[in-house]
Amino acid sequence: MPQLSNSLHVRDVASLVHPQTNLRKHVEIGPRIFTRGDGIYIEDDSGKRFLEGAAGLWCASLGFGNERLAKVAYDQMKDIGYYHIYRHASHGPAIELAEKLLEIAPVPMSKVLFQCSGSEANDTAIKLVWYYWNAVGKPQKRKIIARMASYHGSTCASVSLTGKPDMHADFNLPFQGFLHTEFPHYYRLAKDGETEEQYSTRMAAALEDLIQKEGPETIAAFWAEPVMGAGGAVLPPAGYFKKIQAVLKKYDILFVADEVICGFGRTGNVWGSQTFGLEPDMISCAKGLSAGLAPISALLINERVFQAMLSESDKQGSFAHGYTYAGHPVTSAVALETLKIYEELDIVGHVKRMEKPFLAGLHGLRDHPLIGSAEGVGLIGGIEIVQDKKSRAAFPADKQIPNKIDAKIRENGVILRLIGNRIAFSPPLIINESEIEEMFSRVKAALDGFR
Ligand SMILES: Cc1ncc(COP(=O)(O)O)c(C=O)c1O
């Protein structure tokens, strides 16, 4: 165990539990400790430098280290440091951030609730879905539909939305009443000869079948990410959201868009909802909201939902929900400044300009014998590793080929996100054209070296 000779490595293994990590393996191999970052690069304690093509966990939109945001946090900590927004208390940063989010929302939104993470934003939305249907006198509308392979968080309720069986196993989850419809992964799951539109029609029919089977009067809400990030950076097939939303409207089902990854420029518009024509009742967002530099999330709700909350508040005496750190002045100020920086940099315009070289690099990998598909939008994309391009067959799982390819890519100085047989790209949004070229040429060299 050579890595464990360094004392921080030993202390890590002795003290820390790492999320989404094979704990047994971690005890054996120890951590990789990152020490500093600049721009889109990050360095570990051996001095190895990586181009961070995953923006950490899809969030470091402005790259690593940021003097200006550090100054804003420092000033805010000095001025007030902490105050809450319970029981009519308020402060400037939370108000200004809420106003800004409403101004840039993709569809008319009425109010904003703050939390510290994407999971909590979705958790809050789940509670508001139930609150809404109780307020309007339809308490039997309780079941929530998300999609298989979706990711919506790790708290008990948000992981119940999540469509990943490994995240439920032995945690006694999901909770009852959380249902999962088809994973709309055209490349992997479409039938031979089926067009994207035909496939989307089949996906919408599957949703309608599930609603019918469960009883439309029991279905409260539907959840979707515009691009399915932790599902493998999977794009919606053509016509998907139009057809899905028609079904939701038909049965009066609330629609929650999970913009935790897609929000704030990732898909080439401020919101993924704009890129793919979503008209949600609520939007959860986090990550890019503070460029990953402060733990903050927001839930935007429309007037329909807010009116129901008002009447519940009348009935119950107050809106009995909240978090100590909701709308925290430091994280709110950092988020507000982040949104200002995005505007100054014209980050959405930049992503639109970078989309062309990014997609050219991504699509260039399609010719590689190990890659079955490669598609993306804005600055998010995924490739699928296959053993046989023609049949689309994956490698036998025990061979661990995707893990080995991912390790090779790291060895070549690029960090990406491995998800099953897929590898996702989501570089910091500030990436430039030559860095995009560098990322793909390093990835290609790793793949070539693997043959
Ligand atoms: C789409 C989506 N929703 C929710 C979450 C959960 O966010 P958090 O890890 O901040 O709780 C994530 C995290 O990756 C995500 O990708």
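Annotations
- Residue match in segment 206-224 (condition: touching a Pro at 6+ places or on another chain (Cβ under 9 Å), within 16 Å of the ligand (Cβ to nearest atom), modelled with pLDDT of 95 or more and not assigned by TED's automatic domain parsing to the domain that holds GLY382): yes
- For ALA169: the one exception among (1) among the aliphatic types (A, V, I, L, M); (2) under 30 Å from ASN22 (Cα atoms); (3) more than 16 Å from the ligand (Cβ to nearest atom); (4) crowded, with 21+ Cβ neighbours inside 10 Å: (4)
- Test for GLU375: is it in a strand (DSSP E or B), at pLDDT 95 or above, of a type in the set (D, E, K, R) and in contact with a Leu (Cβ under 7 Å, 6 or more places away or on another chain): yes
- Hits in segment 293-336 - residues which are among the charged types (D, E, K, R) and either surrounded by 21 or more Cβ atoms within 10 Å (Cβ to Cβ) or at positive phi (or both): none
- A search for C-beta distances below 6 Å between a residue of segment 56-69 that is in contact (Cβ under 8 Å) with a residue 40 or more places away in the chain and any residue that is in a loop (DSSP other than H, G, I, E, B) and away from the ligand (no atom under 14 Å from the Cβ), counting only pairs 6+ apart in sequence or on different chains, returns ALA60/PRO428; SER61/PRO428; SER61/LEU429; LEU62/ILE430; GLY63/ILE40; GLY63/PRO428; GLY63/ILE430.
- When segment 75-123 is filtered for residues that are surrounded by fewer than 14 Cβ atoms within 10 Å (Cβ to Cβ) and either within 16 Å of the ligand (Cβ to nearest atom) or aromatic (Phe, Trp, Tyr) (or both), the ones remaining, listed by number, are TYR82, TYR86.
- Residues that are within 14 Å of the ligand (Cβ to nearest atom) and β-branched (Val, Ile, Thr), drawn from segment 138-165: THR155, VAL159, THR162
- When residues in segment 73-99 are screened for being among the β-branched types (Val, Ile, Thr) and closer than 18 Å to CYS116 by Cα, 2 of them pass.
- Lone unmet requirement of (1) in contact with a Ser or Thr (Cβ under 8 Å, 6 or more places away or on another chain); (2) part of a helix (DSSP H, G or I); (3) within 13 Å of SER284 (Cβ to Cβ) for SER150: (2)
- Conditions (1) of a type in the set (S, T, N, Q); (2) within 16 Å of the ligand (Cβ to nearest atom); (3) not in a loop (DSSP other than H, G, I, E, B); number of the one not met by GLN20: (3)
- First in segment 133-156 and among the basic types (Lys, Arg), second anywhere and within 12 Å of the ligand (Cβ to nearest atom), Cβ under 7 Å, 6 or more apart: ARG147/GLY163; ARG147/ALA224
- Any hit, segment 171-181, residues being hydrophobic (A, V, I, L, M, F, W, C) and part of a helix (DSSP H, G or I): no
- Matching residues in segment 255-301 - criterion: being of a type in the set (Val, Ile, Thr), within 12 Å of the ligand (Cβ to nearest atom) and in contact with a Pro (Cβ under 9 Å, 6 or more places away or on another chain): VAL256, ILE261, ILE283
- Test for PHE395: is it outside the structural domain of SER290 (by TED's automatic domain parsing) and part of a loop (DSSP other than H, G, I, E, B): yes
- Residues of segment 1-55 satisfying the condition of being of a type outside the set (D, E, K, R), touching a residue at least 60 places away in the same chain (Cβ under 8 Å) and surrounded by fewer than 14 Cβ atoms within 10 Å (Cβ to Cβ): PRO19
The values are calculated or read from the model by the stated rules, or taken from the named source; none is laboratory data. Predicted, not measured: the structure shown is a model, and the values here were computed from it. So basically every Cβ, Gly included, is an ideal-geometry build from the backbone, and we count neighbours across all protein chains shown.
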